[in-house]
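Written below as C-alpha cells is the structure these notes are about.
Any read-out appearing in this document is the output of simple, stated calculations on the displayed coordinates, not a laboratory observation. These numbers come from a predicted model, not from an experiment. We place every Cβ from the backbone using ideal geometry, glycine too, and count neighbours over all the protein chains shown.
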Amino acid sequence: EYERARVIYKHALKLLHLGEEGTDEDISEYEIRKRDELYKAYISFEKKHGDKEGIEDVIVTKQRVEYKKRVETDPLDYDAWFEYAKLEEDNGDPERVRDVYERAVSNLPPAQEKQYWKRYVYLWIYYAMYEELNQNNLERASQVYSTCLSLIPHKIFSFAKVWIYAAKLYVRRRDLTSARKLFGKAIGLCGKEKIFIEYIALELALGEIDRCRTLYNNYLKAMPTHCKAWAKYADLERSVGETDRCRAIYELGIAQPALDMPELLWKNYIDFEISESESKRARDLYERLLQKTQHVKVYISYGQFERTSIGNGNEAAREIFDRGYNTLKNEGLKEERVLLLDAWRVFEKKFGDDRSVQEVERKMPRRVKRRKMRTDNDGTELGWEEYFDYHFPDDDDGKDSNLKILEMAAKWKKMQAEQKNEESEEESSDDEEEDE
C-alpha cells in the first residue's frame with residue numbers, strides 16, 4: 001500500500017515539521033533525532049517507490065527550507081534571494097516566484113550609497129525579465145521597472161542600465177512615445193553617456209535625423225570634452241551627405257579648450273578631408289596640429305600623406321621628415337627621432353633609391369650603454385644603474401664629445417696592448433735564436 005504510506009508520511013511532514021530547522025516547538029534532543037530519522041525514512045521511501053516528481057519535490061522542499069532560513073537570518077543577503085528565486089523559477093510556480101521577488105525587493109539597502117544598491121537593483125531587473133521572458137507579461141514587467149526607478153535616489157546616484165532596459169521594453173511594446181519620454185526623463189535625472197548613446201541609436205534606427213541632431217546638441221552641451229561624441233556627430237552628418245555641417249562640427253570640436261582624446265578628433269578630421277580629396281584643407285590641418293603639438297606621429301602621418309595620390313610627392317614628404325627630425329633634435333627627443341628615422345627609412349626603401357636610403361641610414365643612431373646614479377626623493381644616492389642611450393652621428397653636444405674622447409682612449413689602449421704583444425713575441429723569438 002505505497003499510496004497509503006505516502007499519505008501518512010506527508011501528514012507527518014506537515015504535523016511534525018519534518019525537514020525544517022529552527023522550529024518554535026520546545027522538544028527534546030531525543031525527539032529531534034527521531035524526527036530526523038523519520039524524515040530520512042520518507043526520503044528513502046520516495047527514492048525506492050516514488051516517481052521522479054516525488055523525489056524532486058522532497059529535494060525542493062528541503063532546499064526551500066534552507067533558503068527560507070538564510071533570508072530570515074539576513075534579509076539583506078541578496079545572493080540568497082537570487083538563489084531562492086531561481087529555485088522557484090525552476091519549479092514553474094509563478095505565484096511562488098512573484099512572492100519571493102516581492103519579499104526580496106521589500107528589503108531596501110541599509111544606506112543611500114551606490115555600492116549597497118548594485119545587487120539590490122539586479123533583483124528588480126531579474127524580476128522584470130522573468131515577467132517578460134517567462135510569463136510574457138510585458139505590462140507587469142514595465143510596472144516592475146517603474147517601481148524600481150521610483151525607489152532609486154536619483155539626486156544622489158542613478159543606474160543607467162535600469163533606464164535603458166525600461167525604455168527598450170517600451171519599444172518592444174511598440175510604445176515609442178513612452179520610450180522617448182522615459183529617455184528624456186533619464187537624461188534629466190541621470191544624464192549618463194550611455195543614455196545619450198542608446199537614445200541616439202534608437203532615433204537613428206527609426207531614421208529620425210533631426211531628433212538625432214537635437215540629442216547630439218544636448219549631449220555635447222553636457223559633455224563638451226568627449227571626442228567620441230564629436231566624431232559620431234560628424235559621422236552622422238557625413239552619412240547623410242552634409243559635408244559642410246560635418247566640417248563645421250569638427251571645427252567646433254577641435255576648438256574646445258579641453259578634450260579627453262584630441263588626437264582621435266584631429267585624426268578623424270584629417271581622414272575626412274583626405275577622403276573628400278581636399279588636399280589643401282588636409283595640409284592646413286596638419287600645419288595647425290603641428291602648432292599645437294610636435295608629436296612624432298604627426299610628422300610621420302604628414303609625410304606619408306604627401307606621398308598619397310593627393311599629396312605633393314616624394315620631395316615634399318622628405319621635407320616633412322627632415323623638418324620633423326630637426327625639430328625633435330632641437331627638443332632633445334632621442335627615442336622619437338629613432339621612430340621618425342625608422343618610418344623615413346621604410347619610406348625611402350619603398351619609394352626612394354639607394355642614395356636616399358643611405359642618406360637616412362647615415363642619420364641612424366648607435367645604441368650605447370651608460371651609467372647614472374640613482375637617488376631617492378631625499379637625494380640620497382642608491383647606487384649606479386645602467387641604461388641604454390642613443391648616439392646620433394650629427395650630435396655635437398658635450399656628452400657626445402666626451403663619448404668620442406672615451407672611444408679614442410679605448411682605441412689607443414687597444415693599440416698599446418697589441419703593440420706590447422708584438423714586442424713580447426719578437427723578444428721571445430730572439431731568445432730562441434740565441435739558444436740555437
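Details
- Phi to ³J(HN,Hα) by Karplus 6.51 cos²θ - 1.76 cosθ + 1.60 over region 128-135, Hz, x for Gly, Pro: 5, 5, 4, 5, 7, 7, 8, 9
- Ranking 177, 302, 196 by how far each Cα lies toward the positive end of the dipole of the chain (charges on Cβ) leaves 177 at the top.
- Chain lengthening between residue 99 and residue 135 when straightened (0.36 nm per residue, less Cα-Cα): 11.5 nm
- The charge dipole of the chain, taken about its Cα centre with unit charges on the Cβ atoms of Lys, Arg (+1), Asp and Glu (-1) only, comes to about 3800 debye.
- Straight-line reach from residue 372: taking Cα to Cα under 22 Å and skipping same-chain neighbours fewer than 8 places apart, the lysines in range are 334, 399, 404.
- Nonlocal amide H pairs with residue 137, under 5 Å, H built at 1.01 Å: 132
- FRET efficiency estimate (nearest 0.05) - Cβ-Cβ, residue 358 to residue 155, R0 45 angstrom: 0.05
- Partners for residue 62 among lysines (Cα-Cα distance below 26 Å; same-chain residues under 8 apart left out): 10, 14, 34, 40, 47, 48, 52, 86
- For region 189-302, a crude dipole built from +1 on the beta carbon of Lys and Arg and -1 on the beta carbon of Asp and Glu, taken about the Cα centre, is about 300 debye to the nearest 20.
- Most mobile listed residue (370, 288, 213) in the chain, GNM with C-alpha springs under 10 Å: 370
- Take every pair of alpha-carbon atoms less than 8 Å apart whose residues are at least six positions apart; their mean separation over the length of region 340-400 yields a relative contact order of 28 percent.
- Relative contact order for the chain, counting Cα pairs under 8 Å that sit 6 or more residues apart, in percent: 5 percent
- Placing unit charges on the Cβ atoms only, positive for Lys and Arg and negative for Asp and Glu, gives region 270-314 a dipole magnitude near 180 debye about its Cα centre.
- Length available on full extension from residue 256 to residue 70: 0.36 nm per residue minus the Cα-Cα distance, which gives 61.4 nm.
- When only alpha carbons are used to place a centre, region 108-131 and region 186-209 end up 23 Å from one another.
- Site pair residue 389 and residue 223 shows an inter-label distance of 4.6 nm when each label is modelled 7 Å from Cα along Cα→Cβ.
- Given (1) 1.12; (2) 1.02; (3) 1.77, the label whose value is Cα Rg over 2.2 N^0.38 Å derived from this model: (3)
- Of all lysines in the structure, those lying under 25 Å Cα to Cα from residue 228, and not within fewer than 8 positions of it along the same chain, are 161, 168, 185, 192, 194, 267, 292, 297.
- As a length-normalised measure over Cα pairs under 8 Å and 6 or more apart, the relative contact order of region 228-349 settles at 16 percent.
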